[in-house]
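Engineer: Quick one: the structure is below, and I'll ask about it shortly.
The values are calculated or read from the model by the stated rules, or taken from the named source; none is laboratory data. Keep in mind that this is a model prediction, so the values were computed, not measured. So basically every Cβ, Gly included, is an ideal-geometry build from the backbone, and we count neighbours across all protein chains shown.
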Amino acid sequence: MDGVSGTTLVSLVIFLVATFAGAVVAGVAGFAFGLVAAAIWLYVLTPIDSAALIVGFGLVVQGVAVWKLRHALDPRRLWPFVAGGALGVPLGVVILGSVPPDAMRAGIGVFLVAYALHGLARPAMRPLAVGGAAADGGIGVLGGIVGGATGLAGIVPTIWCGIRGWPKDVQRAVFQPVAVAIFVMTALWLGGRGIVTAGTIKLFLVGLPPLLAGTWVGFKLYGRLDEAAFRKVVLALLILSGALLIVR
């Protein structure tokens, strides 16, 4: 199949398994699909195909999650993040063209690992309630910058929601819609470069069944997590995400 190196059955199986694994992780924690899937995809896909599929599959996974959590959506809580993201994404795209991407990924990776290790080594912090919508908007700007520069649309809002100390359903009802919005804005700003080929579309269609199956499994596992377990899962995945960024 076009897009998979060697067009071998083994390569296709690796692609499908990685897609399923990334979807399970995203279903459980609400983020990290692209990091988990691409860590394996890049052995059998070109970087261009991988980047295009991260955006396409990421929108599907996050869209399904947002629909499932629609009962917890609060537009009043969301709008500062989305408005801030709209300001941050163009800045991130500019940075993308002027800062070495490897150095940027490594720097973000070190921060994620340090933050998550600190969180696992200490009890949960007292929720931060100061700042209100202005602070949330500032985090939206920072999330937009990181999303536009690296594609990691949900990392900054995910950390901030944990610092806020919101219940897990509320956290996901914030950082997942925000991630979708930043994904869409980033795709529009980076659009028109012709990176989506017929082979990429074929891979997207072939990968949809394991993607949806993995998302379903992830949500089933998510339903079994209490607040403390969810916090530990998120911190562990932040460590994994950071480590993958550093290794790349």
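Engineer: Take L69 and decide whether it is surrounded by 15 or more Cβ atoms within 10 Å (Cβ to Cβ) and under 21 Å from I246 (Cα atoms).
Structural biologist: no
Engineer: Kindly evaluate R126 against the criterion of being among the charged types (D, E, K, R) and either closer than 22 Å to A26 by Cα or crowded, with 18+ Cβ neighbours inside 10 Å (or both).
Structural biologist: The answer is no for R126.
Engineer: For F31, all conditions in the list (1) crowded, with 24+ Cβ neighbours inside 10 Å; (2) modelled with pLDDT under 80; (3) in a helix (DSSP H, G or I) hold save one; what is the number of the exception?
Structural biologist: (3)
Engineer: Are any residues in the stretch 129-154 more than 19 Å from R172 (Cα to Cα), in contact (Cβ under 8 Å) with a residue 12 or more places away in the chain and surrounded by fewer than 19 Cβ atoms within 10 Å (Cβ to Cβ), and if so, which ones?
Structural biologist: A134
Engineer: A further question follows. Which one of L87, L78, L16 is in a helix (DSSP H, G or I) and closer than 16 Å to G207 by Cβ?
Structural biologist: So the residue among L87, L78, L16 that is in a helix (DSSP H, G or I) and closer than 16 Å to G207 by Cβ is L16.
Engineer: Go through L208, L237, L221, L245 for me and flag whichever is within 15 Å of Q62 (Cα to Cα) and assigned to a helix (DSSP H, G or I).
Structural biologist: Result: L208 is the single residue among L208, L237, L221, L245 that is within 15 Å of Q62 (Cα to Cα) and assigned to a helix (DSSP H, G or I).
Engineer: Of V36, V10, which residue is at pLDDT 80 or above, assigned to a helix (DSSP H, G or I), surrounded by fewer than 17 Cβ atoms within 10 Å (Cβ to Cβ) and of a type in the set (V, I, T)?
Structural biologist: Going through V36, V10 in turn, just one is at pLDDT 80 or above, assigned to a helix (DSSP H, G or I), surrounded by fewer than 17 Cβ atoms within 10 Å (Cβ to Cβ) and of a type in the set (V, I, T): V10.
Engineer: Let me ask something else about it. Would you confirm whether any residue within the stretch 40-47 is crowded, with 20+ Cβ neighbours inside 10 Å and in a helix (DSSP H, G or I)?
Structural biologist: yes
Engineer: Let me ask another. Restricting to the stretch 6-61, what's the tally of residues that are out of contact with any Leu (no Cβ under 7 Å at 6 or more places or on another chain), under 20 Å from L238 (Cα atoms) and polar (S, T, N, Q)?
Structural biologist: 0
Engineer: From the list A228, A198, A213, exactly one residue is modelled with pLDDT of 85 or more and of a type outside the set (F, W, Y). Which is it?
Structural biologist: So the residue among A228, A198, A213 that is modelled with pLDDT of 85 or more and of a type outside the set (F, W, Y) is A213.
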